[in-house]
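To start, the structure under review is shown below, and the notes come after it.
The values are calculated or read from the model by the stated rules, or taken from the named source; none is laboratory data. Quantities reported herein were computed from a predicted structural model and do not represent experimental measurements. Virtual Cβ from ideal backbone geometry, glycine too; neighbours counted across all protein chains shown. Protein only, heavy atoms only, side chains kept; ligands, DNA and RNA dropped before computing areas. Shrake-Rupley method; radii C 1.70, N 1.55, O 1.52, S 1.80 Å.
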Amino acid sequence: MAASGQGEIAVALQWQFVRFDDLPIRDWYTVSAARIDVFVMEQNCPFQDNDGADLVSWHLLGWIETTNKRELAAYCRIVDAGVKFPEPSIGRVVTPRAFRGLGYGKLLMKEALARHDALYPSLPNKIGAQHRLEKFYGELGFVTSSEIYMEDGIAHVEMVRVASRHPGVLNSEGIISVLKR
């Protein structure tokens, strides 16, 4: 997969946005394999990835679909308020190695934030970000709200993004329409 330049989207993603119980088992297998590959193997960080939060979260999957195959290019979960933090949270943000440097991580987060704003229009979003990604999340409107702390041997910071002034609404197909006030 080649892009015309660093950070440019090579192929548009097809979004899938579902609760855990509506996620097809083969899609969950693909997500689980990607999370283990990045968080456990690549980052050399043995930890219990299945933390129970997946069962009560929304899952956002970005697929690249061609005539012959379907590949997961980006994934995250949106966790309801009160599960990880008092606020809703975006977590387990993954871009598999084959799709890095093409802009899919930023595209994923923009899509996740739009969906967060539609689901929770008056609530901020709080994340536990790897410290090395603090600038990336800062560019998306997150502000650091804690000192650096260690989680599973990796430096993290908590970051918060205030509630959107232009929330959207999700229809029954999970499509967002933005409401301007």
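Residues of the stretch 1-135: accessible area per residue at 1.4 Å, in Å²?
Dividing the accessible area of the stretch 1-135 by its residue count gives 50 Å².
Could you calculate the contour length gain from Val56 to Gln14, that is, 0.36 nm times the residue separation minus the distance between their Cα atoms, to one decimal place in nm? Please report the intermediate quantities before stating the final value.
Working: separation 42, 0.36 × 42 = 15.12 nm, distance 2.29 nm.
Separation in residues times 0.36 nm, less the Cα-Cα distance, equals 12.8 nm.
Sequence-ordered 3J(HN,Hα) estimates for the stretch 80-88 from the Karplus curve with 6.51, -1.76 and 1.60 and θ = phi - 60° stand at 4, 4, x, 8, 9, 9, x, 8, x Hz, glycine and proline given as x.
Cross-link reach is defined here as a Cα-Cα straight distance under 18 Å, omitting same-chain residues fewer than 8 places apart; for Lys126 the lysines meeting it are Lys84, Lys106, Lys110, Lys135. In this label model, Gln48 and Arg70 are separated by 3.2 nm, measuring between points 7 Å along each Cα→Cβ vector.
Three semi-axes describe the equivalent ellipsoid of the stretch 9-90; taken as square roots of 5 times the Cα gyration tensor eigenvalues and ordered largest first, they are 23, 17, 12 Å.
Can you divide the C-alpha Rg of the chain by 2.2 N^0.38 Å and report the result to two decimal places? Working shown, then result.
On the way: Rg = 15.9 Å, N = 181, 2.2 N^0.38 = 15.9 Å.
Here the Cα radius of gyration is 1.00 times the empirical estimate.
For Val162, project a label point 7 Å along Cα to C-beta. Then give me every residue of the stretch 99-127 with its amide nitrogen under 19 Å of that point. Zone members listed by number: 113-114, 116-118, 120-127.
At full extension, Ile25 and Lys106 could sit 26.5 nm farther apart than now, given 0.36 nm per residue minus the alpha carbon distance.
How much mean residue ellipticity at 222 nm does the chain get from its helices, if each DSSP H run of length 4 or more adds -39500 (n - 2.57) and you divide by all residues, to the nearest 500 deg cm²/dmol?
Values: 3 runs with 32 residues, N = 181.
Calculated at 222 nm, the ellipticity per residue is -5500 deg cm²/dmol.
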